[in-house]
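I have placed the structure first, in the form of structure tokens, so that the comments after it can refer back to it.
The values are calculated or read from the model by the stated rules, or taken from the named source; none is laboratory data. Model, not experiment: these values are computed from the prediction. In this analysis, Cβ positions are derived from the backbone assuming ideal geometry, glycine residues included, and neighbour counts consider all displayed protein chains. These area figures cover heavy atoms from the full protein model, side chains too; ligands, DNA and RNA do not enter into them. Shrake-Rupley method; radii C 1.70, N 1.55, O 1.52, S 1.80 Å.
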Amino acid sequence: MITREQTRQVRVGGVPIGGGAPIPVQSMTNTRTEDVQATLAQIRALADAGCDIVRCAVPTAEAADALSEITALSPIPVVADIHFDHRLALAAIRAGAAKIRINPGNIGSAERVAEIAEAAGRAGIPIRIGVNGGSLEKELLAKYGGVTAEALAESAIRQVELLHGMGFFDLVVSVKSSDVRMNLTAHRLLAERTDHPLHIGITEAGVSQAALIKSAMGIGTLLCEGIGDTIRVSLTGDPVKEIAAARDILRAADLLPGAIQLIACPTCGRTKADLTAAAEQIAGALAPIEKERIRARAARPLTVAVMGCAVNGPGEAAHADAGVAFGDGRAVLFRRGEQVGTVAAEHAADALLEIVRELSM
Ligand code: SF4
């Protein structure tokens, strides 16, 4: 079990962040926010994939106007991402944004940040302070000799204190760097210095498998240390891909309520069945069952094992909730530790899935 850092809780629309709540998955649209229909279509696709909170860039007054319709029709809470112009933040709050993401360092002056804090307070919505390696204060760059984990954490803490000084405490904090080690250190420092919930991710992770692995290392390591209250996997391209990756990271960290853990042996010279085909069939069939369990926030975890021989197979399969150990043309089935039958290898996947469905009900 992971012991999570104790953080305060904020609510983004109906979604709690922090305070031990399940970790919401976030993403960001890459349509033009001014294009209401395209943005809503992408938000619906994200929500359908399992996204809990979505962020939209608000770079223009027209985008802030469009946000009213988007927030009214979105199936999930919408966060407005604001840079430079505090008037856009005020307009986004009026348009029904469920949270505002700002980097106070680029809003211009403390007075302007105070205006945003006052409007957010009146609307009852949180602010995410987002510090990025690319936009650190010059003074901190000089003090630390460039972008460092310490500089990122100090910049975030300064901004937290600025908002505290304005009487605003409904905060989420993020520091993002594309450097995994720097990101880890910055978050560890932050977790020691603030109890506001942390939004974690590796920014500009890149493309394809390398980006997935970088994100899994950066986010997964922190989650396993109990740090992080909401996550976003940043991948170049279609944001819907980010959701599956985020879910995989949460599942691997055992932080996804309702998840099904699939254990499958890698196969070796002892394997006498087409285990790859069986494991793929089982993984494909488990996906909709898991989706339903996640939606229902099923409390009991479920582990399914697909093993290839009599060496490790029966042991692993017997430890899972549902398991199968393949032999030569036959397969042994297990249900919560008990051997419940033997079937021809070609029927094993279907028989195992029947056990999973029974246990999922
Ligand atoms: Fe090989 Fe058996 Fe291990 Fe699979 S479970 S990798 S078949 S030894």
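Being more than 16 Å from the ligand (Cβ to nearest atom), open to solvent by less than 30 Å² (accessible area, probe 1.4 Å) and of a type in the set (Ser, Thr, Tyr) is the requirement here; does Ser208 meet it? Criteria not met by Ser208.
Scanning the stretch 79-98 turns up at least one residue that is assigned to a strand (DSSP E or B), within 17 Å of Val172 (Cα to Cα) and of a type outside the set (Asp, Glu). Residues of the stretch 268-288 that are in a loop (DSSP other than H, G, I, E, B) and among the hydroxyl-bearing types (Ser, Thr, Tyr): Thr271 alone. Every condition in (1) open to solvent by 20 Å² or more (accessible area, probe 1.4 Å); (2) out of contact with any Lys or Arg (no Cβ under 7 Å at 6 or more places or on another chain); (3) farther than 21 Å from Pro197 by Cβ; (4) not hydroxyl-bearing (Ser, Thr, Tyr) holds for Pro75 except the one numbered (2). Answer with yes or no whether Ala320 is in contact with a Ser or Thr (Cβ under 7 Å, 6 or more places away or on another chain), within 14 Å of the ligand (Cβ to nearest atom) and on the phi < 0 side of the Ramachandran plot. Spelling it out, Ala320 is indeed in contact with a Ser or Thr (Cβ under 7 Å, 6 or more places away or on another chain), within 14 Å of the ligand (Cβ to nearest atom) and on the phi < 0 side of the Ramachandran plot. Residues that are more than 16 Å from Asp254 (Cα to Cα) and open to solvent by less than 20 Å² (accessible area, probe 1.4 Å) within the stretch 306-333 comprise Val306, Met307, Gly308, Gly313, Ala317, Ala322, Gly323, Val324, Ala325, Phe326, Ala331, Leu333, listed in sequence order. The residue of the stretch 149-159 that is nearest to Ile125 (Cα to Cα), among those that are crowded, with 21+ Cβ neighbours inside 10 Å and of a type in the set (A, V, I, L, M, F, W, C), is Ala156. Taking the criterion of being within 24 Å of Asp195 (Cα to Cα), of a type in the set (A, V, I, L, M, F, W, C) and either assigned to a strand (DSSP E or B) or modelled with pLDDT of 90 or more (or both), the residues of the stretch 125-144 that qualify are Ile125, Ile127, Ile129, Val131, Leu140. Quick check on the stretch 258-267. Is at least one of its residues surrounded by 15 or more Cβ atoms within 10 Å (Cβ to Cβ), within 16 Å of the ligand (Cβ to nearest atom) and in a loop (DSSP other than H, G, I, E, B)? Looking through the stretch 258-267, at least one residue is surrounded by 15 or more Cβ atoms within 10 Å (Cβ to Cβ), within 16 Å of the ligand (Cβ to nearest atom) and in a loop (DSSP other than H, G, I, E, B). Across the stretch 34-42, a minimum of one residue is classified as at negative phi, assigned to a loop (DSSP other than H, G, I, E, B) and at pLDDT 95 or above. Residue pairs whose Cβ atoms lie under 7 Å apart, separated by 6 or more positions or on different chains, with the first residue in the stretch 298-327 and touching a residue at least 40 places away in the same chain (Cβ under 8 Å) and farther than 20 Å from His347 by Cβ and the second open to solvent by 10 Å² or more (accessible area, probe 1.4 Å) and within 8 Å of the ligand (Cβ to nearest atom), are Val311/Arg270; Asn312/Cys265; Glu316/Met307. Scan the stretch 34-72 for residues that are surrounded by fewer than 22 Cβ atoms within 10 Å (Cβ to Cβ) and closer than 20 Å to Arg297 by Cβ and the total you get is 4.
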